[in-house]
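Every read-out reported here was derived from the displayed coordinates using simple, explicitly stated rules and does not represent laboratory data. The structure presented is a predicted model; accordingly, all values stated were derived computationally and were not measured. Positions of Cβ are backbone-derived with ideal geometry, glycine not excepted, and every protein chain shown enters the neighbour counts.
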Amino acid sequence: MTIGLRLTTLAGCLALAAVVHADDKANVETAGKPGQVDLLKLFKSEFVAITPGEGKFPATFTMGSKDGLVQEQPAHTVTLRTPFQIAKYEVTQNLYEAVMGENPSKWKGPRNSAENFTFADAQKFCRTATELMRAQKLIGEADEIRLPTEAEWEYCCRAGTTTAYSFGDAARKESDEGKKASLLDPYGWHTGNAAGNDPPVGALKPNPWGLYDMHGYLREFVQDRWHPTFEGAPADGSAWGDAPKTDEKAAEIKSVVVRGGSWQDAHDRLRSAARESWEAGQPSDGTGFRCVLTTVKGS
């Protein structure tokens, strides 16, 4: 995967490239710097409201796969009752740097998805972004930025569909050979179309709910600990395992779930039900995350 931003998006990316570094402590004292505030405002504007049970958003969906891999079974009914917002894009590098004060990503580009960090780093980003956005009154004191639960992630990826992908059951045409998956190409970066292209977020088509790169580009961390099957999984959309509240607690977690597949994966790893175990402390240039914005229960 090499740097090769499309000319049509280059001007927009360069316009967003200026970033003011956050202090290493990443506390509220760093809020208020123009570059940082602008990026936080842009981040806030890119959330999509999800209202289970209202309008086009069903309250109930079938999570997992009846015929897929063992870790995707059993397919089970999940009912979500609480509204939330989810970012239409994976966290970008300029946003990550504005919040965390550094950009560890291998494949540099201001509006490219941020990668090459740990699960604990992703959790710290969420906590720090929450503090900064509260300080700027971009969100309320009862609101927080966090990782999606695994159920929320699959619900949003499926976007009301029951097919293998949000655009249909097939990724390949009969004429496709090797790694080629031409039906998937308009929606997701995978091993068959990612070579020579290091794109900004949103370069491909979104799913029916306007969410980009849910299939491919980067695997995405979710809140949940890894379990080898869905036996005993929550049925209410909550995370399987409490979210860590500190860096120390996050660092104690050994194995977590990543979803969506990446540019390093074949097309079948990008299905809506596909899930993978990931070593929480292992950075990868194929792993990133997107955020959820929600109101803390009881607030």
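Points to keep in mind about this one:
- Restricting the calculation to Cα atoms, every distinct pair contributes to the Kirkwood radius of segment 69-170, found to be 16.0 Å.
- Summed over qualifying helices (DSSP H, 4 residues or more, each -39500 (n - 2.57)) and divided by its residue number, the chain shows a 222 nm mean residue ellipticity of -6000 deg cm²/dmol.
- Percent of Cα-Cα distances greater than 15 Å, calculated over segment 160-218: 48 percent
- Between residue 69 and residue 170, the contour length at 0.36 nm per residue exceeds the Cα-Cα span by 34.7 nm.
- Of the DSSP H helices in the chain, those whose Cα atoms cover at least 20 Å axially and whose Kyte score averages -1.0 or more: 119-135
- Here the residues 139, 145, ranked from fewest to most Cβ neighbours within 10 Å of their Cβ, fall in the order 139, 145.
- Here the 3J(HN,Hα) profile of segment 105-113, calculated from phi with Karplus coefficients 6.51, -1.76 and 1.60 at θ = phi - 60°, is 4, 7, 9, 5, x, x, 9, 6, 5 Hz, Gly and Pro shown as x.
- Directionally averaged shadow of segment 90-228, computed from the convex hull of its alpha-carbon atoms, nm²: 10.1 nm²
- Compactness of the chain is given as radius of gyration and Dmax, 18.2, 57 Å, from Cα positions.
- For segment 115-144, the list of GluC sites (Glu not before Pro) that fall in a loop by DSSP and count at most 12 other C-beta atoms within 10 angstrom reads 141.
- Residues 158, 81, 219, 172, ranked from the fewest to the most other C-beta atoms within 10 Å, line up as 81, 172, 158, 219.
- Distant-in-sequence amide H partners of residue 57 (H built 1.01 Å from N, under 5 Å): none
- Ranked for footprinting exposure by Cβ neighbours inside 10 Å, fewest first, 213, 242, 198 give 242, 198, 213.
- Other-chain or far-sequence residues with amide H under 5 Å of residue 50's (modelled H): 84, 85, 86
- Gain on full stretching of the segment that runs from residue 62 to residue 282 - 0.36 nm per residue minus C-alpha separation: 76.1 nm
- With viscosity 0.890 mPa s and temperature 25 °C, the Kirkwood radius over alpha carbon pairs of segment 37-98 converts through Stokes-Einstein to a diffusion coefficient of 172 µm²/s.
- Spacing of the two label points (7 Å from each Cα toward its C-beta) at residue 77 and residue 38, in nm: 5.1 nm
- Applying both filters, DSSP loop and at most 10 other Cβ atoms within 10 Å, to the GluC sites (Glu not before Pro) of segment 202-284 gives 231.
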